[in-house]
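Trainee: Submitted below is the structure of interest, expressed as C-alpha cells.
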Amino acid sequence: MFARSIFSSYYKLLTGAALALAVVALTGCNEKAAEVAAPGRPVLVATVHYEAETPERSFVGTIKPRIETDMGFRVPGKVAKRLVEVGQTVDVGQPLATLDEVDLKLQAEQAVAEFTAATGVLAQAGAAEQRAKDLRAKGWTTDAQMDTSRAAADEARARLDRAERSVELTKNSLSYATLVADTRGVVTATLVDPGQVVGSGQTAIRVARFAEKEAVVAIPETLVGRAKDGTATVTLWSDADKKYAAKLREVAPSADPATRTFLAKFSLPEAGDKVSLGMTATLTLSDPATERVARLPLSALFSQGSEPSLYIVGDSGEVVLKPVTVKSYESNSVVITGGVPEGAKVVALGVQKLDPAQKVRVVSSLSF
C-alpha cells in the first residue's frame, strides 16, 4: 500500500514536469513566431519627380501654308476651261484655266491692222517731208510749207509708235487668257466654272505654296510673352513621336473678340512632305530658362532645428534621412530643387514619429 502511494506521487510529479516543459516550449515558439511575423510600420510614400518649374503648355493647331495665293485672270472674259481640281498639285507654268479668246484675237487683229496703216501713213509723210526739204534747199518753197510737212511726218511717226504698242498690248492680253501657276503648290479652292464671266483680277483659283508650312494656333493673352521668348515644338496627331522645331513668325495685333485669344503663326522649317496641309498639330510651349523642381507633400518634410530633410524608403524597407534644398513653400506642398534623386520614394506622412532604426512597409492607403 505504501509502495503504491509512492508510485502514484512520483507519476503525478513526472506528469506535472512534462506539462511545465510543454508550456515553456510552446511559449518560446510563440515568441519566436511573433518575432518573425512582426510587420514593419506601414507608411505612405510619394515619388520624387523633377520637372520644369513653369509647366509646359500645349495648344491644338492646324498646319497651313505660309503663302496662299488667290490667282485670277488679268483680263475680263468668259471662262472656257478649268484645268485643275481641288487637291491637285501644280508646277510652275502649268495652265490652270483658260478664257474664250475670240474677242481677244479680234483685238489683236485690229491692232495689227492699225500698225499696217500707220506704217503706210509714215512712209507717205516721210516722203513729203523729204521733198519739202529738197525744195526748201533750192528756194522753191516757203518755211510754212516746210513746217507743215515736218509736223505731218512727226504725227505719222507717233501714230506708228502707238500702233506698235497696241500690238504688244493685245498680244499680252491674248496670253493672259490662259491662267498659269507661278509657283509649285496645291490647289485649295476653285472659284470659277466653264461658262462663267469673270472680271479682271477676280479670284479664280487658290493655290497654296509648298515653300514653307506653319502651325496656326490660338494663344491666350497670359501666354503671349512665353510664345515670343520660349521654345516651341510641334507634333502631329498622325505621328506623335516626331517633333518639329517651331519658330514664332507672327502674332495677331489684337485678340479675337469672341475667344479673347491671339492668333499665332509658327513656321516649321523642318517640315517635309509628310506634313500635309490641314493636319491637326499640337504646339507645346516651354521656358528653357526655368529651373527643374519637384513638388512633394508638405507633410513629408522633416525639420527639428536642422536643415529640412526627407525620409527615403529603400528596397528592403529601411529608411534614410536625406537633407534637401527647399526653393519655396506652397499651401499644401513643398518645392525642392535637389537633395534626393529622381524616382526616389519618400515617406509622405508621419515623419515626426518615424524611427530610423525601424523598418517600414509601403502601403497604398492607411486604415484605422
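The values are calculated or read from the model by the stated rules, or taken from the named source; none is laboratory data. Bear in mind the structure is a predicted one, so any value in this text is a computation, not a measurement. For neighbour counting, all protein chains shown are included, and Cβ atoms are generated from backbone atoms with ideal geometry for every residue, glycine included. These area figures cover heavy atoms from the full protein model, side chains too; ligands, DNA and RNA do not enter into them. Shrake-Rupley method; radii C 1.70, N 1.55, O 1.52, S 1.80 Å.
Trainee: Taking the criterion of being among the β-branched types (Val, Ile, Thr), open to solvent by 60 Å² or more (accessible area, probe 1.4 Å), in a strand (DSSP E or B) and more than 24 Å from Leu285 (Cα to Cα), would at least one residue in region 42-52 satisfy it?
Mentor: Here is the first cut: in region 42-52, the residues among the β-branched types (Val, Ile, Thr) are 43, 45, 47-48.
Then keep just the ones that are open to solvent by 60 Å² or more (accessible area, probe 1.4 Å); that gives 47.
Of the ones still in play, those that are also in a strand (DSSP E or B) are 47.
Filter again for more than 24 Å from Leu285 (Cα to Cα), leaving 47.
Yes: one or more hits.
Trainee: Okay, next question. Return the pair list, or none, for Cβ contacts closer than 7 Å from residues in region 125-145 that are farther than 26 Å from Leu160 by Cα to residues that are open to solvent by 50 Å² or more (accessible area, probe 1.4 Å), at least 6 apart or on different chains.
Mentor: Thr141/Leu135
Trainee: Within the bounds of region 188-200, is there any residue that is charged (D, E, K, R), in a loop (DSSP other than H, G, I, E, B) and open to solvent by 40 Å² or more (accessible area, probe 1.4 Å)? It would help to see each step written out before you state the result.
Mentor: First, the residues of region 188-200 that are charged (D, E, K, R): 193.
In the following step, the residues that additionally are in a loop (DSSP other than H, G, I, E, B) were identified as 193.
When the remaining residues are screened for being open to solvent by 40 Å² or more (accessible area, probe 1.4 Å), the result is 193.
Among the residues of region 188-200, at least one is charged (D, E, K, R), in a loop (DSSP other than H, G, I, E, B) and open to solvent by 40 Å² or more (accessible area, probe 1.4 Å), which makes the answer yes.
Trainee: Quick check on region 108-129. Is at least one of its residues at pLDDT below 90, open to solvent by 90 Å² or more (accessible area, probe 1.4 Å) and hydrophobic (A, V, I, L, M, F, W, C)?
Mentor: no
Trainee: Can you list the strands (runs of 3 or more DSSP E) found entirely within region 299-368 that contain at least 3 residues being over 41 Å from the mean Cα position of the chain (by Cα) and crowded, with 19+ Cβ neighbours inside 10 Å?
Mentor: Working: elements: 309-313, 319-323, 325-329, 333-338, 345-347, 360-362.
Those strands (runs of 3 or more DSSP E) span 309-313.
Trainee: Next question, about the same structure. Test of understanding: among Pro220, Pro257, which residue is exposed (fewer than 15 other Cβ atoms within 10 Å of the Cβ), touching a residue at least 40 places away in the same chain (Cβ under 8 Å) and of a type outside the set (A, V, I, L, M)?
Mentor: Details: Pro257 fails: touching a residue at least 40 places away in the same chain (Cβ under 8 Å).
So the residue among Pro220, Pro257 that is exposed (fewer than 15 other Cβ atoms within 10 Å of the Cβ), touching a residue at least 40 places away in the same chain (Cβ under 8 Å) and of a type outside the set (A, V, I, L, M) is Pro220.
Trainee: Still on this model: With respect to Val84, determine if the residue is in a loop (DSSP other than H, G, I, E, B), of a type in the set (A, V, I, L, M, F, W, C), within 60 Å of the chain's Cα centre (by Cα) and surrounded by 13 or more Cβ atoms within 10 Å (Cβ to Cβ). Walk me through it before giving the result.
Mentor: Values: in a loop (DSSP other than H, G, I, E, B): yes; of a type in the set (A, V, I, L, M, F, W, C): yes; within 60 Å of the chain's Cα centre (by Cα): yes; surrounded by 13 or more Cβ atoms within 10 Å (Cβ to Cβ): yes.
Here the answer is yes, as Val84 does meet what is asked.
Trainee: Within region 109-163, count every residue that is of a type in the set (Ser, Thr, Tyr) and in a helix (DSSP H, G or I). Reasoning before the result, please.
Mentor: Taking region 109-163 as the starting set, the residues that turn out to be of a type in the set (Ser, Thr, Tyr) are 116, 119, 141-142, 148-149.
Filter once more, keeping what is in a helix (DSSP H, G or I): 116, 119, 148-149.
Within region 109-163, residues that are of a type in the set (Ser, Thr, Tyr) and in a helix (DSSP H, G or I) number 4.
Trainee: A further question follows. Testing Asp154 on (1) acidic (Asp, Glu); (2) in contact with a helix residue (DSSP H, G or I) (Cβ under 8 Å, 6 or more places away or on another chain); (3) without any contact (Cβ under 8 Å) to a residue 24 or more places away in the chain, one condition comes back false. Which one is that?
Mentor: (2)
Trainee: Follow-up question, since we're still on this one. Filter region 227-242 for residues that are touching a Ser or Thr at 6+ places or on another chain (Cβ under 8 Å) and surrounded by 14 or more Cβ atoms within 10 Å (Cβ to Cβ) and give the result.
Mentor: Gly230, Thr231, Ala232, Thr233, Val234, Thr235, Leu236 - these are the residues of region 227-242 that are touching a Ser or Thr at 6+ places or on another chain (Cβ under 8 Å) and surrounded by 14 or more Cβ atoms within 10 Å (Cβ to Cβ).
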